[in-house]
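Just below is one structure, and these are the notes that go with it.
The values are calculated or read from the model by the stated rules, or taken from the named source; none is laboratory data. Worth saying up front: this structure is predicted, and the values here are computed from it rather than measured. Every residue, glycine as well, gets a Cβ built from its backbone with ideal geometry; the counts of neighbours run over all protein chains shown. What goes into the accessible areas is simple: the full protein's heavy atoms, side chains included, and nothing from ligands, DNA or RNA. Shrake-Rupley method; radii C 1.70, N 1.55, O 1.52, S 1.80 Å.
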Amino acid sequence: MSSSGSKIRIPRSGKILRRILPAVLLPALLQSCFTGIESTPKISYKDVRREQITVSDEERLASRISAPTFADWTPGNLFLVTDAKADLTYLPMHPDARDVSTGDILCYQGVRSVPSIVGGTTAELIFTRPSVPGDSLLYRPQADEQTLRERTSFHAPFLVDMQAVAAADTLLRGRQLYTRTDRWLTSDGKDIHGRKFLKVRIDSLLPGDENYCFRVFFTSLEKDGERGTLPMAATVDDDTPQLRGFASLFLLNDPRADYPQITDANWELIRRGRVTAGMTMQEARLALGAPKEVDRTHDRSLIYERWGYPSGIYLIFEDGLLTRFKQ
């Protein structure tokens with residue numbers, strides 16, 4: 001036995017083992033780490049939404065503006081044809097029947113199972129046209145009835161669900177809201193430049209088209225004769241963000257109270273989607289939305305930031321203030 005304070009010698013075999021162990025264990029540890037990553041389930045947009053702590057009042061209201069699922073369809077439901085292409089999708093049972101036209105009303109009668117060309121069965125939806133007595137139309141959605149009933153959303157091509165339009169009209173008609181966008185349409189569908197954050201009254205909801213099933217008609221409560229419409233999509237319960245849904249088009253409360261630091265002059269420019277020199281980045285974002293491209297650079301005294309938009313608009317900020325722009 002060695003005396004106190006003397007060094008303890010490690011046998012040569014122990015040194016070799018100490019060198020070998022990391023080489024043996026490291027691959028195993030890495031493999032276990034990669035296995036853990038690969039087994040991690042994919043996080044969807046819906047999962048992220050569930051993790052949100054708060055849901056806005058607009059999102060709560062939007063959840064009530066949805067099209068019925070196929071499981072909710074009942075005989076007698078009415079649908080508006082929005083595109084002449086429906087003539088190629090909804091086939092008449094009688095060869096001499098009149099072609100399906102834009103503006104036709106189809107009445108859902110039920111569903112039956114028929115043999116599929118790839119084997120098994122597929123659903124066949126049956127419609128009639130009240131304007132054409134005895135006429136029946138057929139549509140095959142390339143899925144069996146059970147699959148259709150299990151879907152959280154189902155959209156029949158080139159059709160707008162009239163029951164959904166009526167329910168949304170009842171929910172929103174007469175409400176006082178604030179517009180989120182300055183990109184409006186006239187009553188006959190032409191583009192106009194309106195104002196965002198404008199207090200309006202909802203006059204009515206009418207059928208839209210295949211992509212945006214609602215047309216929201218509103219009147220300004222700030223200026224006589226100022227009117228517009230906005231195409232709006234139904235809320236869909238799936239894994240993708242909703243484009244042009246209620247929550248992206250309207251606010252329930254006046255947003256001006258959230259920005260007391262913005263001058264009245266700049267606020268009016270923001271409402272018209274315009275910018276001016278001296279605006280902050282926050283003001284520019286409120287006016288034009290988020291940029292598509294952002295480039296940052298600096299010299300010895302200033303920090304430069306260039307924002308680019310798809311329409312060719314660009315903004316240049318120096319130390320956070322707008323100095324040059326093309327709009």
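Protein chains only, probe 1.4 Å: how do 270, 192, 126 rank by accessible area, largest first?
The most accessible residue leads, giving 192, 126, 270.
With all protein chains in place and a 1.4 Å probe, the accessible surface of the range 97-185 carries 50 percent carbon and sulfur.
Would the range 213-311 count as rounded, prolate or oblate if I go by the C-alpha gyration tensor, calling it rounded below 1.5 in a/c and otherwise prolate when a/b exceeds b/c, oblate otherwise?
Values: a/c = 2.53, a/b = 1.45, b/c = 1.74.
The shape class here is oblate.
Whole number in Å², please: accessible area per residue of the range 124-269, 1.4 Å probe, ligands, DNA and RNA not counted.
Computed with neighbouring chains in place, this is 50 Å² per residue.
In a fully extended conformation the segment linking residue 153 and residue 131 would gain 5.1 nm over its present Cα-Cα distance, using 0.36 nm per residue. The accessible-area ordering, largest first, of the residues 144, 188 stands as 188, 144, per a 1.4 angstrom probe. Distant-in-sequence amide contacts of residue 197, defined by a placed amide H-H separation under 5 Å and a gap of 5 or more residues or a different chain, comprise 179, 180, 181.
Rounded to the nearest whole Hz, the Karplus-based 3J(HN,Hα) values (6.51 cos²θ - 1.76 cosθ + 1.60, θ = phi - 60°) of the range 247-256 follow the sequence 5, 8, 10, 9, 10, 7, 10, 5, x, 4, with x at glycine and proline.
Between residue 88 and residue 206, residue separation times 0.36 nm minus the direct Cα-Cα distance comes to 40.0 nm. When the pairs 196/292; 196/326; 85/196 are compared against a 23 Å limit on Cα-Cα distance, 85/196 fall above it. Sparse packing (at most 11 other Cβ atoms within 10 Å of the Cβ) combined with a DSSP loop state is found for the following trypsin sites (Lys or Arg not before Pro) in the range 198-286: 223. Available extension along the chain between residue 293 and residue 146 is 48.4 nm, counting 0.36 nm per residue and deducting the alpha carbon span.
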